[in-house]
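These notes concern the structure reproduced below.
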Amino acid sequence: MEDLKLKLKQQIIESLNLQGMEPKDIDDNAALFGEGLGLDSIDSLELMVLLERNYGIKIEDAREGRKVLSSVQSMAEYIQLHQKA
Amino acid sequence: MKPVYILSSSAISPQHSFEPENFLHPVKSTDDGKLFVVDPDYRQFINPVAIRRMSRLIKMGIAAGMNALKLAGLEKPDAIITGTGLGSMTDMEHFLKDMINMNEEALNPTFFIQSTYNSVNGWIAVQSKCTSYNQTYVNRGFSLELSLLDAQLLLNEATEREVALVGCFDELTDEYFIVKNKIGYWKKQLPQSRHLLKESNTVGTIAGEGTSFFTLSNKAENSVCILHGVKMIQSPTSAEISANISTFLQQHHVALQDIDLIITGMNGDTNFQPLYQAALEHTQPHTTIAAFKHLSGEYPTASGFALWLSAQLFSTQTIPEEIIYKRGATTDIRKILIINHYILNTASLMLLSN
């Protein structure tokens, strides 16, 4: 799980081009949107693409997507549950 | 139609053009046929949260546009009108490569969103909180010219609009260079770019990129110079360019001998050199002839660099040696004629005075 979260943080930094940021700067449970990392709606689309490309996970339900993308922790848990073999 | 007044200008080009203290100095020259812009510190002009998603072209356009507003002492224009021949090539290339590599699935939205031609306008509108007229012209070698014409028409209307932000932007990518090389755009033996005009006996030119923005007003107050008019000529012959120059100048009650400086878009391509030679045949000894594409490279909206250059020269009243093709006896710069031809067989004329 810890390895997955570290990898996920690296992928988030790279795909969203979060310049000057390192994985250690992202708290596992901090909100990715709003007051936490301050991401916006386009970033949420980029994160959906990240999950689909890297883990083969497609989130169809927007309400479910909001929950999954709320933090690195929630994303990692969802990946563990749904990643295709 | 009444003329419009240029209040300010800002350019990001392969030369030192953005910072006022380094006007074209030192001249940047390359030997690989590509002139890429000198990037300024974009963070001064762009929201730090938004900048991470932007391609080079978007950053260039926003910075030059916002800087032109700043130089004119304005926060919000009454219209934003731009022209681009190619749009955001980098984002489009990313998007198309992704479509192929990902089999048209799971595509990044950012590249698609920002590959649209009006991204720069949109960002400037957001940053300057301008919700009025917003237009982007994508018409190859006429893109900037149509933007200027639209602005002139708009500012001639009896409305409350007083200032339009008008600009152009085009970027060069390695892929674009390779593709256009296959159809003979660029010289086979690439010269040092600053010596491009000395190599005018061979086919082809060199590639470039850049962005130029201007604040245009229908009021003369605080203006740098006057843009009297723009003329576009499709697929011209040498004789047609000469005839159009005569008619264009007559329309503005100016004689050829009144022109102090002619800035030409000569690009060292033997295919197009005769067009300029015919146009320059009847110029007077006091008129100085200048060229600029050895500094900017060739691209669809390169005439924007010439227009920016003109605005600078009216202020400095000094013609840098680097742009002189033939020195005339003139000492003052009161009237400038820009003659530009783009590879896809479009030519344009612009008349300015101080």
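Here is a yes/no grid of residues against (1) surrounded by fewer than 16 Cβ atoms within 10 Å (Cβ to Cβ); (2) within 14 Å of chain B (Cβ to nearest Cβ):
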| site | (1), (2) |
| --- | --- |
| A:Lys9 | no, no |
| A:Asn17 | yes, yes |
| A:Asp25 | yes, no |
| A:Asn29 | yes, no |
| A:Glu35 | yes, yes |
| A:Ile57 | no, yes |
| A:Lys67 | yes, no |
| A:Val72 | no, no |
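Yes or no, residue by residue, for (1) under 18 Å from the mean Cα position of the chain (by Cα); (2) part of a loop (DSSP other than H, G, I, E, B):
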site: B:Ile289; (1), (2): no, no
site: B:His294; (1), (2): yes, no
site: B:Thr301; (1), (2): yes, yes
site: B:Gly304; (1), (2): yes, no
site: B:Leu309; (1), (2): yes, no
site: B:Gln312; (1), (2): yes, no
site: B:Thr318; (1), (2): no, yes
site: B:Gly328; (1), (2): no, yes
site: B:Asp332; (1), (2): no, yes
- Task: Identify the single condition in (1) touching a Gly at 6+ places or on another chain (Cβ under 9 Å); (2) over 23 Å from B:Val49 (Cα atoms) that A:Leu47 does not satisfy, given that it satisfies every other one.
- Result: (2)
- Message: Being within 30 Å of B:Glu175 (Cβ to Cβ), buried (at least 19 other Cβ atoms within 10 Å of the Cβ), hydrophobic (A, V, I, L, M, F, W, C) and touching a residue at least 40 places away in the same chain (Cβ under 8 Å) is true for just one of B:Leu35, B:Leu24, B:Leu7, B:Leu69. Which residue is that?
- Response: B:Leu35
- All but one of (1) open to solvent by 50 Å² or more (accessible area, probe 1.4 Å); (2) closer than 14 Å to B:Cys168 by Cα hold for B:Asn103; which doesn't? (2)
- Sole residue being farther than 18 Å from B:Met232 by Cβ and touching a residue at least 60 places away in the same chain (Cβ under 8 Å), chosen from B:Ile289, B:Ile319, B:Ile259: B:Ile259
- Note on the structure: So, first residue at the interface with chain A (Cβ under 9 Å from one of its Cβ atoms) and without any contact (Cβ under 8 Å) to a residue 40 or more places away in the chain in segment B:48-59, second residue among the small types (Gly, Ala, Ser) and assigned to a loop (DSSP other than H, G, I, E, B), Cβ within less than 9 Å, six or more apart or across chains; the pairs are B:Val49/A:Gly38
- Item | Selected residue (criterion: farthest from the other protein chains (Cβ to nearest Cβ)) from residues of segment B:22-44 that are more than 28 Å from B:Thr318 (Cβ to Cβ) and assigned to a loop (DSSP other than H, G, I, E, B) | B:Asp31
- Output for segment B:120-154, where each listed residue is more than 26 Å from B:Leu344 (Cα to Cα) and surrounded by 24 or more Cβ atoms within 10 Å (Cβ to Cβ): B:Ile124
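For every residue, the table says whether it meets (1) among the hydroxyl-bearing types (Ser, Thr, Tyr); (2) without any contact (Cβ under 8 Å) to a residue 40 or more places away in the chain; (3) within 18 Å of B:Leu86 (Cα to Cα); (4) in contact with a strand residue (DSSP E or B) (Cβ under 7 Å, 6 or more places away or on another chain).
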| residue | (1), (2), (3), (4) |
| --- | --- |
| B:Gly122 | no, yes, yes, no |
| B:Tyr133 | yes, no, no, yes |
| B:Gly141 | no, no, yes, yes |
| B:Leu146 | no, no, yes, yes |
| B:Ala158 | no, yes, no, no |
- Query: From the list B:Thr110, B:Thr136, which one is touching a Lys or Arg at 6+ places or on another chain (Cβ under 8 Å) and either under 21 Å from B:Thr215 (Cβ atoms) or assigned to a helix (DSSP H, G or I) (or both)?
  - Reply: B:Thr110
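The values are calculated or read from the model by the stated rules, or taken from the named source; none is laboratory data. Keep in mind the model is a prediction, meaning the values are calculated, not measured. Methodologically, a virtual Cβ is constructed for each residue, glycine included, from the backbone with ideal geometry; neighbour enumeration extends over all protein chains shown. When the accessible area is computed, the model is the full protein with side chains, heavy atoms only, and any ligands, DNA or RNA have been set aside. Shrake-Rupley method; radii C 1.70, N 1.55, O 1.52, S 1.80 Å.
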